[in-house]
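To start, the structure itself, in structure tokens.
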Amino acid sequence: MNVRKSTLGLAAGAALLFSFKTVSTDSERYFEIAKNLDIFATLFKEVNTYYVDDVTPSKMVKTGIDAMLKSLDPYTNYIPEDDIEDFRTMTTGQYGGIGAVVVKRSGKTVVQTAYEGYPAQKAGLLPGDEILSINGVSLEKKNNSDISKLLKGQANSTVKLMVTRYGQDAPVEIDILRDKIQVDNVPYYGMLTSDIGYFQLSGFTVDASREVRNAVTKLKEQGAKKIVFDLRDNPGGLLNESVNISNLFVDKGLDIVSTKGKVTEWNKTYKALDAPLDTQIPLVIITSNRSASASEIVTGVLQDYDRAVVVGERTFGKGLVQATRPLSYNSQLKVTTAKYYIPSGRCIQEIDYAHRADDGTLGKVPDSLRTAFKTQAGRTVYDGGGVAPDVEVQDKEIADITRILLQKNYIFDYATRFRAEHPTIASARDFQLADADYQKFVQYLQGKDINYSTPAEKALASLTTQTKDEKHYDDVKAELESIRRKVTTNKSNDLTRFKPEIKELLEQEIVSRYYFQKGSIEASFDDDPNILASIQVLNDQPRYASLLKPGGKSASAMKGAGTASNKQ
């Protein structure tokens, strides 16, 4: 027997069987798709014909599409033609409008922010202004989406707003010439100390890397010998911008990020293609648990190459890549196509969207299944749960009273009143709210709805219910009432007890009315625990260097550091 021929024959047979199975599998899949599409179309026709009320075809189909895509992951979305412009705004940061944030609250349309240097601010629109109508259209029954569409339009077109303002008797008409609005990726850069520069990156739209390059260059011209790079709450954006920003701080030719998905032809390794801006300047990156996607790529890359010390909180854990695919009738599909892997080889994706429990819930990657990787210097890092900071600093939870004051917009509204009554204030970094003004704020709150339940009250209510259920209430009634009186007394003093944190938020909001977004950021510097911790790390160069070496990580050493305020 010819063994070689027999072996070749078996191999050929196996290949033929595999090919048949593949064709068969593909045919079965295509048949399943065609069958289910036919069922969907037939069902839709029947519902449209026989349902008791009229149905809107486009709305009904979109509901079905959204529900189908929701079963995959939150980032795979259908974008109908009507929403394409908003999608472009998200990816490019550009739109035609007035340069303001306007929100609907308590039945009123209120200007929340007017960006410095843009048409709304130039025309005199102020935060706190209430817009009654836009081009003669009443906003009484309009929602936020309707209002946004009325405000946006072609550059160089005029929009007329009827506005009422605190301290003025009658509404006034404000004409605003729309312009091309480019939302800045770097809303602020400036000096924290004589030699420490700081910049904030809020997005990854087109030109984000150019803005970062410009910010770092300007800071160095102002004397910066060290840099704090703030990525807190940055939701991410364009992948190529994260690559270009990483490239600013690492050597040309290094791997930045790799993408791997089902379509192998799309798999790619992105490298640093350009000469870097600066590979030596000491660098701290600040992150939060809402820093996601592209911001995690930048953070992870600079951590993997031991190029920056990461301060703050563990990042969100989104290691998925999306691409847009054109659909018929000018609609699009944004679909998750791959996972990304940073230079150490780790993927930071935390939630497993591919495997759901029977009840539809999703699980996170358990600690026991996380894999250890090494940075370039040999530090141990892990996959499957975002990027962990080298120095952990968690922002202090605000008090219940403070949360209610923010939710009810009392701090915002008082700042509006303060701005109307005070034409000028000190600089953003120097402004301090006088005790007399804080007392005016307390008086302003008299009669306002500031009801809230403290954790102690909730625990007491639970204990009361439990003792009643167990028939012990009469035995402990007197003690419970005594505790309740003490808790109520303490609660009534919350405006005094939590004065420092309330006062700080008031100062930031008031400063924003005079010095806009940049002023509000500067006003936070002396009370921001993450910035204070970053300054400490950069000012202690031996410690900075040790954190970038194996065994030098001290995530717990700085926990809660820098919480003290310099304001009196």
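The values are calculated or read from the model by the stated rules, or taken from the named source; none is laboratory data. Treat the numbers as computed from the prediction; the structure is a model and nothing was measured. Every residue, glycine among them, receives a Cβ derived from its backbone with ideal geometry; neighbour counts consider all protein chains shown.
Quick notes on this structure:
Yes/no matrix, rows are residues, columns are (1) touching a Pro at 6+ places or on another chain (Cβ under 9 Å); (2) without any contact (Cβ under 8 Å) to a residue 24 or more places away in the chain; (3) not in a strand (DSSP E or B):
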| site | (1), (2), (3) |
| --- | --- |
| F249 | yes, no, yes |
| G253 | no, yes, yes |
| T259 | no, no, no |
| Y270 | no, no, no |
| L277 | no, no, yes |
| S295 | yes, no, yes |
| R307 | no, no, yes |
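- Within segment 410-437, the residues that satisfy the criterion of being assigned to a helix (DSSP H, G or I), closer than 13 Å to G167 by Cβ and of a type outside the set (F, W, Y) are D413, T416, R417, R419, A420, E421.
- When residues of segment 148-200 are limited to those that are among the acidic types (D, E) and without any contact (Cβ under 8 Å) to a residue 24 or more places away in the chain, the one surrounded by the fewest Cβ atoms within 10 Å (Cβ to Cβ): D169
- Count of segment 173-213 residues which are more than 30 Å from R429 (Cβ to Cβ), among the β-branched types (V, I, T) and at pLDDT 95 or above: 2
- Near pairs, Cβ below 6 angstrom, 6+ apart or cross-chain, from segment 445-463 (of a type in the set (S, T, Y) and surrounded by 12 or more Cβ atoms within 10 Å (Cβ to Cβ)) to any residue that is at pLDDT 80 or above and assigned to a helix (DSSP H, G or I): Y452/D400; Y452/I404; T454/D400
- Segment 402-444, subset surrounded by fewer than 16 Cβ atoms within 10 Å (Cβ to Cβ) and of a type in the set (G, A, S), residue nearest to P127 (Cα to Cα): A420
- Check on L362, surrounded by 12 or more Cβ atoms within 10 Å (Cβ to Cβ), more than 30 Å from V309 (Cα to Cα) and free of Cβ contacts under 8 Å to residues at least 40 places away in the same chain: yes
- Screening S328, S368, S344 for residues that are part of a helix (DSSP H, G or I) and either of a type outside the set (K, R) or touching a Gly at 6+ places or on another chain (Cβ under 9 Å) (or both) leaves exactly one candidate, S368.
- Index of the failed condition, K70 passing every other in (1) closer than 30 Å to A170 by Cα; (2) surrounded by fewer than 15 Cβ atoms within 10 Å (Cβ to Cβ); (3) among the basic types (K, R): (1)
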